[in-house]
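Colleague: I have a structure I would like to understand better, so I am pasting it below and will then ask my questions one at a time.
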Ligand SMILES: Nc1nc2c(ncn2[C@@H]2O[C@H](COP(=O)(O)OP(=O)(O)OP(=O)(O)O)[C@@H](O)[C@H]2O)c(=O)[nH]1
């Protein structure tokens with residue numbers, strides 16, 4: 001037996017062990033992502049038999065699919081919906097894409113990550129980028145989110161500016177419109193959302209107010225359109241108008257890919273959404289979720305896989321931890337079963353979900369913690 005001579009060699013050995021463990025975990029994740037990718041190409045959503053790209057890492061224009069089977073005037077490109085919190089952007093994204101890819105909730109600023117949904121058509125491919133709401137930054141997190149939003153605006157081919165039909169245009173909308181006016185190149189479509197919630201006369205007034213707002217801040221809207229995602233009214237027309245603004249281009253993604261958001265982020269968002277359901281107003285800003293591990297359980301028969309998911313919910317204060325966990329852990333159990341159902345629906349695999357709640361004091365203000373939580 002080799003004697004332990006110094007604490008330094010002990011440390012280096014434990015580092016080696018940690019590295020080996022990390023490498024093993026990575027290999028497991030890659031294997032799982034390949035299995036999930038294979039699974040995905042056999043699901044009935046898929047129209048194309050091209051192997052899906054790995055479930056991790058973002059697809060970009062460079063990995064475009066084989067460029068043979070599409071008409072010459074095919075259009076492809078990126079669109080995003082912007083607007084103040086709660087304007088209905090995520091719901092609209094889901095409605096256009098036709099599957100639950102972005103996170104919706106009755107509370108403002110719940111969409112943290114850029115989630116893309118892809119509409120595949122015979123004549124076009126529309127890639128929707130769902131950005132967080134732009135808002136007056138009060139914390140480092142707020143400022144970073146705003147930077148992310150602006151960067152997105154410059155990269156996309158068309159922007160949909162969303163204003164809810166049931167609320168008068170206010171300073172929040174004006175602030176975003178004025179910011180949007182700085183992005184000169186990108187065409188902008190004004191969208192009046194939630195028209196099912198407003199009377200006809202009010203909708204007419206709002207449409208006029210939207211046009212006036214454009215004049216005020218110096219935006220010439222490419223189109224102005226009222227829609228209701230809930231009633232599926234004018235959604236197809238909106239899709240057509242967005243497609244009209246896209247450049248002629250071969251498809252950017254293989255057919256069948258609904259979103260290229262890494263699965264762990266989407267799973268984390270589903271947990272976050274479940275945890276936010278029915279809790280106090282200040283909690284959304286204080287809740288982050290990391291997915292520590294997603295591995296297929298070993299020794300299961302091939303036709304009965306089980307995916308083990310371990311996730312941690314971070315809150316800022318012990319009092320918030322108590323809210324999330326609830327009396328005798330009842331709330332956390334409900335959050336777990338709701339999130340589990342959603343994750344199973346998303347990935348098409350039975351899931352065992354293990355949730356932990358931790359307090360990370362003032363994580364929104366601490367750059368190190370922000371980096372650790374993926375911001
Ligand atoms: N009645 C009705 N409600 C809608 C419609 N679209 C969205 N909503 C509701 O409005 C609320 C906000 O919708 P979201 O899609 O989460 O809004 P968002 O703009 O993405 O919000 P943030 O993520 O906070 O920026 C949710 O409660 C939705 O159910 C609609 O067409 N009709």
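Colleague: Filter segment 181-217 down to residues that are under 21 Å from residue 229 (Cα atoms), assigned to a helix (DSSP H, G or I) and touching a helix residue (DSSP H, G or I) at 6+ places or on another chain (Cβ under 8 Å) and give me whichever is nearest to the ligand (Cβ to nearest atom).
Modeller: Out of the qualifying residues, it is 195.
Colleague: Which one of the conditions (1) touching a strand residue (DSSP E or B) at 6+ places or on another chain (Cβ under 9 Å); (2) without any contact (Cβ under 8 Å) to a residue 24 or more places away in the chain does residue 200 fail to meet, given that it meets all the rest?
Modeller: Going through (1) touching a strand residue (DSSP E or B) at 6+ places or on another chain (Cβ under 9 Å); (2) without any contact (Cβ under 8 Å) to a residue 24 or more places away in the chain one by one, residue 200 breaks only (1).
Colleague: Out of curiosity, is residue 238 under 21 Å from the mean Cα position of the chain (by Cα) and within 16 Å of the ligand (Cβ to nearest atom)?
Modeller: Yes; evaluated as a whole, the condition is true for this residue.
Colleague: For segment 351-374, which residues satisfy the criterion of being at pLDDT 80 or above, in contact with a helix residue (DSSP H, G or I) (Cβ under 6 Å, 6 or more places away or on another chain) and either surrounded by fewer than 19 Cβ atoms within 10 Å (Cβ to Cβ) or not in a strand (DSSP E or B) (or both)?
Modeller: 359, 360
Colleague: Could you count how many residues in segment 162-180 are crowded, with 16+ Cβ neighbours inside 10 Å and not in a loop (DSSP other than H, G, I, E, B)?
Modeller: Of the residues in segment 162-180, 9 are crowded, with 16+ Cβ neighbours inside 10 Å and not in a loop (DSSP other than H, G, I, E, B).
Colleague: Something else: Among the residues of segment 219-235, are any away from the ligand (no atom under 14 Å from the Cβ) and over 30 Å from residue 73 (Cβ atoms)?
Modeller: no
The values are calculated or read from the model by the stated rules, or taken from the named source; none is laboratory data. Bear in mind that the values here come from a model prediction, so they are computed numbers and not experimental data. Please note: Cβ atoms are built from the backbone with ideal geometry, for glycine as well, and neighbour counts cover all protein chains shown.
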